[in-house]
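The values are calculated or read from the model by the stated rules, or taken from the named source; none is laboratory data. Quick caveat: nothing in here was measured; it's all calculated off a predicted structure. Don't worry about glycine lacking a Cβ; one is built from the backbone with ideal geometry, like all the others, and counts go over all protein chains shown. Accessible surface areas use protein heavy atoms only, side chains included; no ligands, DNA or RNA. Shrake-Rupley method; radii C 1.70, N 1.55, O 1.52, S 1.80 Å.
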Amino acid sequence: MAAALSPDLPPEVLSKLIVVDISPARGPMGDESKTYLKAMKEIEHKQVKTRKEADEILQAYEPDVSIRQFLLTNLDKAPSGATPHQKFRIPLDILYNAIDGIGDFPYEPDHRKWEGKTLFVKGSKSKYINRKNIPIAKEYFPNMEVITLEAGHWVHAEQPVEFVNRVSEFILQP
């Protein structure tokens with residue numbers, strides 16, 4: 001979203017924008033993200049050797065198996081000859097320390113606007129796109145449409161086929 005609104009973006013670079021279960025509203029990230037990062041740090045600290053061991057730790061933080069599986073897609077097997085434990089590909093400490101700033105949005109609606117076709121994909125069980133921030137999103141992206149899929153925040157992981165179908169339809173529109 002911020003890239004589409006950037007005054008430095010040449011107009012011919014972006015023809016359509018797809019935003020998945022996040023809004024341009026400013027505000028702190030929920031505790032959920034910090035909790036997941038804390039769990040992932042615990043997995044690394046305990047030097048698990050298998051994805052099963054990692055999942056057992058994660059169960060204390062997240063009961064939904066599909067969300068746990070999604071989080072564990074970032075877990076790498078140790079290369080042969082290296083340490084035998086698994087490690088996350090993402091920089092957990094950096095993300096954990098920066099999480100409070102991730103909810104910031106660099107523009108005000110009355111200062112920036114992008115007129116291109118924009119699709120917002122919302123998870124029905126997620127609170128990231130809601131009745132309060134849809135009007136704000138419309139100020140930034142006046143040619144937007146919102147679709148809702150039966151999912152939580154990780155729409156693409158929970159409803160992969162429907163997600164790809166709906167996004168493909170949007171992309172193929174003239």
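Of note:
- Taking the criterion of being within 23 Å of Ser168 (Cβ to Cβ) and in a helix (DSSP H, G or I), the only residue of the stretch 126-137 that qualifies is Ala137.
- Test: residue in the stretch 104-125 that is open to solvent by less than 80 Å² (accessible area, probe 1.4 Å), touching a helix residue (DSSP H, G or I) at 6+ places or on another chain (Cβ under 7 Å) and assigned to a helix (DSSP H, G or I): no
- Some residue of the stretch 75-93 being under 15 Å from the mean Cα position of the chain (by Cα) and either open to solvent by less than 40 Å² (accessible area, probe 1.4 Å) or more than 23 Å from Leu149 (Cβ to Cβ) (or both): yes
- Taken as a whole, the structure leaves Lys132 outside the set of residues that are in contact with a helix residue (DSSP H, G or I) (Cβ under 8 Å, 6 or more places away or on another chain) and in contact (Cβ under 8 Å) with a residue 60 or more places away in the chain.
- Positions within the stretch 15-65 being of a type in the set (D, E, K, R) and open to solvent by less than 90 Å² (accessible area, probe 1.4 Å), in sequence order: Lys16, Asp21, Glu32, Lys34, Lys41, Glu42, Glu44, Glu53, Asp55, Glu62, Asp64
- Some residue of the stretch 14-25 being part of a loop (DSSP other than H, G, I, E, B) and farther than 20 Å from Gly103 by Cα: yes
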